[in-house]
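In what follows, a structure is listed as structure tokens, so that the remarks can point back to it.
Throughout, read-outs are computed from the coordinates displayed, never taken from laboratory work. What you see is a predicted model, and the numbers here were worked out from it, not measured in a lab. No Cβ is skipped: glycine too gets one built from the backbone with ideal geometry, and neighbour counts run over all protein chains shown.
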Amino acid sequence: MSILTLIVPAIAVLLIAAPLVSVAQGKVTGKSAIRNRFALHFGAFALACICAVAVPASGVAFAETAGTVASIMGTNAQGMGFLAAALVTGLAAIGAGVAVASAAPAAIGAVSEDPKAFGKAIIFVVLGEGIAIYGLLISILIINKL
């Protein structure tokens, strides 16, 4: 096992966790500071993903025999397909969360003023949740093609 296979994941974890240290200590307040920390955290995550793709650990075999390792390894296309399915589900869930975060308080406010508006208000909240369901369906279709 080379030293590179130990150092690269450690650096990736440090890059991902570094922006959160000052947030956890309570030193960061305000919207602009939080936005900057989020951008830095997202950049560190993207860099860690690029490192994971650039330095593959395909040469590392733990305790399995060569036949076992060869049987569980897939092609690059399969790996990209699983990555696409994960991204579809994750991004659709984030989109649904954003939609529900803005629609649900408005629906609660509308229902508190006029209880007859419940049916109309709940439709907008359910439409936001539909985004996550569509993402899940697309990821199932992608995995079925693999």
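For LEU146, no residue has an amide H sitting under 5 Å from its own, ignoring neighbours fewer than 5 places away on the same chain, with H placed 1.01 Å from N.
Listing GLU113, GLU129 from fewest to most neighbouring C-beta atoms within 10 Å gives GLU113, GLU129. Treating r as the C-beta distance of PHE82 and ASP114 and R0 as 41 Å, the FRET efficiency rounds to 0.30.
In terms of surrounding Cβ atoms within a 10 Å radius of their Cβ, VAL111, VAL53, VAL100, VAL13 rank from fewest to most as VAL53, VAL13, VAL111, VAL100. Going from the fewest other Cβ atoms within 10 Å to the most, the residues THR89, THR5 appear in the order THR5, THR89. If the Kirkwood radius is taken over C-alpha pairs of segment 74-146, then at 4 °C and 1.567 mPa s the Stokes-Einstein diffusion coefficient equals 95 µm²/s.
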